[in-house]
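Take a look at the structure set out below.
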Amino acid sequence: MTKDTSNQMWGGRFAAGPDAIMEAINASIGFDQRMAAQDIAGSRAHAAMLGQTGIITDNDADAIREGLLTVLSEIDSGNFAFSTALEDIHMNVEARLKDLVGEPAGRLHTGRSRNDQVATDFKLWVRDQMDAAISGINALIGALLAQAEAGADWVMPGFTHLQTAQPVTWGHHMMAYVEMFGRDMSRFEDARKRMNESPLGAAALAGTSFPIDRHMTAEALGFDRPAANSLDAVSDRDFALEFLAVSSICAMHLSRFAEELVIWSSAQFRFVTLSDRFSTGSSIMPQKKNPDAAELIRAKIGRIFGANTALMMVMKGLPLAYSKDMQEDKEQVFDAADNLMLALAAMQGMVKDMTANCDSLEAAAGSGFSTATDLADWLVRALNMPFRDAHHVTGSLVAMAESRNCDLPDLSLEDMKSVHEAITADVFEVLGVHNSVASRTSYGGTAPEQVKAQVALWKDRIS
């Protein structure tokens with residue numbers, strides 16, 4: 001594109017076109033072309049409104065709308081020549097529209113500015129990503145529910161400080177992540193409701209003197225209402241920041257689960273076997289099966305955190321209304337959205353394909369004196385012992401078992417009576433890991449019946 005054409009797009013404001021450095025720093029078409037579909041949808045809604053309100057003729061409105069469909073078809077098919085001299089997706093589309101329909105193309109921008117246009121495009125794009133994230137989380141929750149239902153009564157160790165704490169069920173552990181990702185899904189849904197106001201028609205910053213119908217364009221684009229303040233409408237990027245903030249929390253949950261999968265799939269744990277589809281081998285060690293998908297999820301999360309911080313830094317010092325700094329809002333969000341969706345899809349695939357190694361889980365569940373709390377609870381219930389005293393007695397028995405290199409169920413009744421003479425043989429009923437998890441029947445507990453009840457509730461929610 002020649003400099004003269006670029007100057008025409010600026011309306012004759014400058015006597016000479018920008019030099020190569022200015023063109024490079026000013027152009028955004030290299031990344032904002034991703035919003036082509038949203039830009040054309042917004043322009044088609046705006047053109048229909050201009051025709052409906054009589055601001056332009058119906059013939060011009062129809063020509064514009066049909067021409068925009070042709071432009072979209074060219075972009076989708078890869079036959080569109082993007083120009084950096086035309087700066088952004090908006091000017092590229094408008095210039096091609098002029099080639100196609102002539103004079104009516106010049107009427108499209110009546111009653112709007114690139115400020116409200118880009119805000120609308122970006123909102124539409126972010127809204128689409130929120131919908132995609134909600135769908136991705138929903139699929140991941142479905143995979144977790146399948147694992148939880150299958151393993152509602154499989155015992156495994158529960159950890160605190162990565163030390164064996166108490167026995168839990170595999171299903172209970174899976175349902176913990178269902179709750180986490182369920183909160184993430186609700187945050188995306190909540191953020192989507194809050195962002196769903198249309199900036200279109202706010203123009204540069206003060207609105208317009210043309211008799212536009214902002215409610216019409218808002219409805220056409222699926223917004224709940226027009227944004228109520230034109231200054232705020234063009235300068236607001238809260239919707240992008242909120243998307244990044246919610247994505248960061250979701251990414252943190254993905255990273256925590258990825259870390260567990262890395263640990264669980266190791267030779268030292270052998271809790272799970274990840275499928276070959278989400279593992280790689282070693283170039284030198286033939287025995288290796290590396291959990292690379294989990295490790296890459298864990299690493300990619302940093303890019304999402306970084307995007308959140310970067311956009312905060314862009315926005316923190318900007319006076320109202322629009323500043324060119326805000327052109328730097330999109331690349332961060334695009335990258336974060338790409339990586340979040342990739343991480344969600346990879347995690348859903350790993351969870352769906354992974355196999356829990358029940359024997360290893362059960363063996364580990366009974367190690368590390370995991371039923372010590374059950375013993376203390378039994379002393380309270382059966383002997384009416386104050387819990388602090390029960391804690392002390394149990395600690396003494398743990399020390400005895402540790403000194404003999406055995407576990408609590410391996411101690412004899414005589415051994416236990418040597419610590420507290422009132423202990424009876426009934427104590428052994430609570431020292432098995434299956435008895436332990438079955439006894440945790442409080443709401444939200446690890447008992448299989450509680451897990452199955454929560455699985456049923458969540459199945460209804462996501463369906």
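The values are calculated or read from the model by the stated rules, or taken from the named source; none is laboratory data. Model, not experiment: these values are computed from the prediction. Neighbour counts are summed over all protein chains in view; Cβ atoms, including those assigned to glycine, are modelled from backbone coordinates with ideal geometry. For accessibility, only protein heavy atoms count, side chains too; no ligands or nucleic acids. Shrake-Rupley method; radii C 1.70, N 1.55, O 1.52, S 1.80 Å.
Of note:
- D292 vs. criteria open to solvent by 60 Å² or more (accessible area, probe 1.4 Å) and either free of Cβ contacts under 8 Å to residues at least 40 places away in the same chain or under 29 Å from the mean Cα position of the chain (by Cα) (or both): no
- The set of residues from the range 214-238 being of a type in the set (D, E, K, R), closer than 18 Å to M49 by Cβ and open to solvent by 60 Å² or more (accessible area, probe 1.4 Å) comprises E219, D224, R225.
- Qualifying residue in the range 194-201 (condition: assigned to a strand (DSSP E or B), under 28 Å from A336 (Cα atoms), touching a residue at least 40 places away in the same chain (Cβ under 8 Å) and open to solvent by less than 50 Å² (accessible area, probe 1.4 Å)): yes
- Here the range 148-166 is the region considered, the condition is being at pLDDT below 90 and either basic (K, R) or touching a Gly at 6+ places or on another chain (Cβ under 9 Å) (or both), and the residue that is most open to solvent (accessible area, probe 1.4 Å) is Q163.
- Top-ranked residue of the range 169-181 - restricted to ones that are touching a Pro at 6+ places or on another chain (Cβ under 9 Å) and in a helix (DSSP H, G or I), ranked as surrounded by the fewest Cβ atoms within 10 Å (Cβ to Cβ): H172
- Residue check, M350 in contact with a helix residue (DSSP H, G or I) (Cβ under 8 Å, 6 or more places away or on another chain), within 30 Å of F243 (Cβ to Cβ) and open to solvent by 10 Å² or more (accessible area, probe 1.4 Å): no
- Among the residues making up the range 166-189, those that are over 16 Å from V351 (Cα atoms) and in contact with an Asp or Glu (Cβ under 9 Å, 6 or more places away or on another chain) are Q166, P167, T169, R187, F188.
- Here N384 meets each of (1) polar (S, T, N, Q); (2) without any contact (Cβ under 8 Å) to a residue 60 or more places away in the chain; (3) closer than 25 Å to T160 by Cα with one exception, condition (3).
- Residues (hydrophobic (A, V, I, L, M, F, W, C) and farther than 12 Å from W458 by Cβ) located in the range 144-175: A150, A152, W154, V155, M156, F159, L162, A165, V168, W170
- Annotation note: Cβ proximity below 9 Å between a residue of the range 152-167 that is on the phi > 0 side of the Ramachandran plot and a residue that is open to solvent by less than 60 Å² (accessible area, probe 1.4 Å) and not polar (S, T, N, Q) (sequence gap 6+ or interchain) occurs for L162/I263.
- Some residue of the range 233-247 being without any contact (Cβ under 8 Å) to a residue 60 or more places away in the chain, polar (S, T, N, Q) and outside any loop (DSSP other than H, G, I, E, B): no
- Residues being at pLDDT below 90, among the polar types (S, T, N, Q) and surrounded by fewer than 21 Cβ atoms within 10 Å (Cβ to Cβ) - total across the range 354-379: 2
- The combined condition, being at pLDDT 95 or above, in a loop (DSSP other than H, G, I, E, B) and under 30 Å from S442 (Cβ atoms), is not fulfilled by D184.
- Matching residues, the range 105-125, being in a helix (DSSP H, G or I) and open to solvent by less than 20 Å² (accessible area, probe 1.4 Å): A105, D116, Q117, V118, A119, T120, D121, F122, K123, L124, W125
- The residues listed here are D359, D325, D292; of these, the one that is touching a strand residue (DSSP E or B) at 6+ places or on another chain (Cβ under 6 Å), in the same structural domain as T160 (by the TED database) and at negative phi is D292.
- The range 312-326, residues that are farther than 14 Å from R114 by Cα and not in a loop (DSSP other than H, G, I, E, B): M312, M313, V314, M315, D325
- Scan of the range 88-104 for residues that are on the phi > 0 side of the Ramachandran plot and open to solvent by less than 10 Å² (accessible area, probe 1.4 Å), ordered by number: none
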